[in-house]
Amino acid sequence: MKTALTLGTAGIALFATMAPTAHAAPASSHPRYTEAHIAAMAPEKQEKLLAPLRAIADAADRVGSGSQADIYAGVRIDAPRDTVHVYLTDPSRAAKFIKAMSAVDRRVDTGRITIAKAGHTRQAMHEVRDRLLAQEKAGELPYKIHTVAVAADASSLEVAVDKPDVAAKTSAAARRNPDARGLAPANDVPVAFKQGQRISPAARTWADVRWKDGTPFIAGDVLTDGSQYCSAGLPAVRKSDNKPVMVTAAHCFSNGSKIYTGAGATPAFGKFYDGLNGRLGNYVGTVNGVSTNWDAEQLVGTDNNADVSETTGYKPVTGVAYSHNGDFVCQNGAASFFMKQETICGIKVVNDDITYTLDTGWKVRGVEGTRLPGNRWTVAHGDSGSMVYTANGSARQARGIVSALAGPYETNGGSYMYWTEATDIFNHFGLKLNPKT
């Protein structure tokens, strides 16, 4: 299971380079594509390259979250070398683990799996993370936590804080004296502190052409209560009664608020924020159900459809899946669209298990990504709630909703994006994708 938080400090995922065990697949030492090449590909071409690797990563995570949790540390897609690294604390059980993966999904190409040894299980990492966050909540720590990221190989917890020197000294004191206030060692899990920065919600006053959509509403439509502007994310229905529900970010609107599309003149490209007029368009739904852990809320109301609005048209959304380290995703926020960034793809998943602190004070567990090559515009204020997704053949596959962003910043845009996973959101609210066309 995964979690997300509101935009604040961006934590960079820590990947350890490990020697493959005897069970390792023969990864190519001469990659056909670099990460920059893959990031620049159209979503459909990306999907052909990544689909078999995504299937492996999904199967590994399912097995590692279930019957093999006692040895599972993490997974990372290595697209340039056409392999998936699966990290286990006991590589001698690799054959059993891979067999369980094949049982979960017969499509798994075992020849593309590389097994590497890890020092700690994902469970052990989560225990230390949860204890650290509990201490902060209880007011026992002399520093503020921005993010807690689990390395793909579970080699360490990377904790971004406001006072890294104080944090390191506090942790060292706790190791010397278990009665001292601070994080004491547990299961010998290494904890690395670094300077953090504020993570801010990706919401702001703005609008779209998507701006004044009518039913059925789709991902990428502008949403507003007359003052705040966000993006529509996951078109869904309740499993219990098939009632239409549009999912957006929880920090966007308060519970009980009636939400509409934009109205009046559509904002000009490049001057999105200047075009926000506070007018209410078509009724989308009423906020009824908020989850701070997933930074998600339900807009229960009028009809929707599982399509996603892209730069030049619409694509159907036909599935939902988790994101994994090394994968690439897109996001279709309205603000980025109107700021001449259009639909943004080539966003690399740098950590699929990060807990961050939003300006609201919420602790959110989710995924961190950045755009390659370099730290270019990835997400903007106003993209909150928009769908994060990948290509799924000629259709699209939902991954989650935009939650937050962090710098370094370009004009109104951040280079690090945080999102919460669609699977977790649907499970929490009892929803399913609305595929109706």
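Assorted remarks:
- Model label sites at S92 and D105, defined 7 Å from Cα along the beta-carbon direction, differ in position by 3.0 nm.
- Cα gyration tensor shape of segment 280-374, rounded if a/c is under 1.5, else prolate or oblate by comparing a/b with b/c: oblate
- Of all accessible heavy-atom area on segment 322-425, the percent that carbon and sulfur account for (1.4 Å): 49 percent
- Nearest 10 degrees, 0 to 90: helix 164-176 Cα axis against the chain principal axis: 40 degrees
- Distance between the pseudo-spin-label points of T215 and K137 (7 Å out from Cα toward the beta carbon): 4.0 nm.
- FRET E, pair S240, T302, Förster distance 22 Å, beta-carbon r, rounded to 0.05: 0.75
- Listed residues M125, M339, M41, most fluctuating in the chain (Gaussian network, C-alpha, under 10 Å): M41
- Residues of the chain: accessible area per residue with a 1.4 Å probe, Å²: 37 Å²
- For the chain, built as a Gaussian network whose Cα springs stay under 10 Å, the top-fluctuating residue of T215, T261, T302: T215
- Cα gyration tensor shape for segment 227-340, rounded if a/c is under 1.5, else prolate or oblate: oblate
- Shown are S227, S323, whose ranking by accessible area with a 1.4 Å probe and every protein chain present, most to least, is S227, S323.
- Sequence-distant residues sharing a close amide H with Q197 (under 5 Å, placed H): T9, A10
- Estimated FRET transfer efficiency (D162, A40; beta-carbon r; R0 51 Å; 0.05): 0.90
- Summarising the amide proton neighbourhood of D307: residues at separation of 5 or more, or on other chains, whose placed amide H is nearer than 5 Å comprise A219, V317.
- Estimated from the Cβ-Cβ distance and a Förster radius of 35 angstrom, the FRET efficiency linking T312 and L280 is about 0.80.
- Share antiparallel - DSSP beta bridges, the chain, percent rounded to 5: 85 percent
- Shape category assigned to segment 326-390 from the gyration tensor of Cα positions, a/c cut at 1.5: oblate
- In order along segment 59-64, the Karplus-derived 3J(HN,Hα) couplings, from 6.51 cos²θ - 1.76 cosθ + 1.60 at θ = phi - 60°, round to 5, 4, 5, 5, 5, x Hz, and Gly and Pro are given as x.
- Among R396, R112, R175, the largest mean-square fluctuation in a Gaussian network model of the chain (Cα springs under 10 Å) belongs to R175.
- Ordering of 349-357, 244-252, 68-76 by burial proxy (mean other Cβ atoms within 10 Å per residue, highest first): 244-252, 349-357, 68-76
- You can think of it this way: the chain between R176 and T360 has 62.8 nm of extra reach, that is 0.36 nm per residue less the Cα-Cα gap.
- Amide proton proximity set for G382, modelled H, under 5 Å, gap of 5+: A203, R204
- Helix 122-137 axis, angle to the chain major axis (alpha carbon atoms, nearest 10°): 60 degrees
- Rel. contact order, % - alpha carbon contacts under 8 angstrom, at least six apart, the chain: 21 percent
- Here the Karplus curve 6.51 cos²θ - 1.76 cosθ + 1.60, taken at θ = phi - 60°, turns the phi angles of segment 88-97 into couplings of 10, 6, 10, x, 5, 9, 4, 4, 5, 5 Hz, with x standing for Gly and Pro.
The values are calculated or read from the model by the stated rules, or taken from the named source; none is laboratory data. Since the structure is predicted, the reported quantities are computational estimates derived from the model, not experimental observations. Every residue, glycine as well, gets a Cβ built from its backbone with ideal geometry; the counts of neighbours run over all protein chains shown. Remember, those area values only see protein heavy atoms, side chains included, never the ligands or the DNA or RNA. Shrake-Rupley method; radii C 1.70, N 1.55, O 1.52, S 1.80 Å.
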